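Below: one structure, written as structure tokens.
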């Protein structure tokens with residue numbers, strides 16, 4: 001009887017350990033490491049720029065995304081921007097380095113710069129990949 005009790009206790013203990021281990025595996029945060037390139041721009045509008053001009057510049061990011069091959073995704077709604085003096089942020093995701101390189105000289109980008117540059121007081125851009 002004592003041996004039977006020990007055996008049952010061992011089975012319960014091993015089962016508890018297995019359940020705990022499974023919980024760790026299933027509860028672990030999953031994340032990816034994509035090889036796309038993320039282009040993040042933040043900046044400050046000029047004091048004399050109008051809300052319509054600012055919106056046209058942000059809408060221009062959508063236009064570029066539709067016209068420039070290799071743009072996968074965009075983000076245009078800034079939730080929080082730093083430094084505090086900065087007003088906007090947008091992100092463009094490129095499928096690869098070649099797409100990011102094409103963006104600079106693409107006619108859609110050059111057209112957008114005609115809208116964006118006159119009302120951009122200051123900006124910062126960063127590109128990141130894995």
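Just so you know, all these numbers are worked out from the coordinates, no wet-lab data involved. These figures come from a predicted structure and were not determined experimentally. Neighbour counts are summed over all protein chains in view; Cβ atoms, including those assigned to glycine, are modelled from backbone coordinates with ideal geometry.
Annotations
- Additional length obtainable on full extension of the chain from residue 77 to residue 29, 0.36 nm per residue less Cα span: 14.7 nm
- Mean projected area (nm²) of the alpha-carbon convex hull when the stretch 48-130 is viewed from all directions: 5.8 nm²
- Here residue 127 and residue 84 are evaluated by their C-beta separation; at R0 = 22 Å the FRET efficiency comes out at 0.40.
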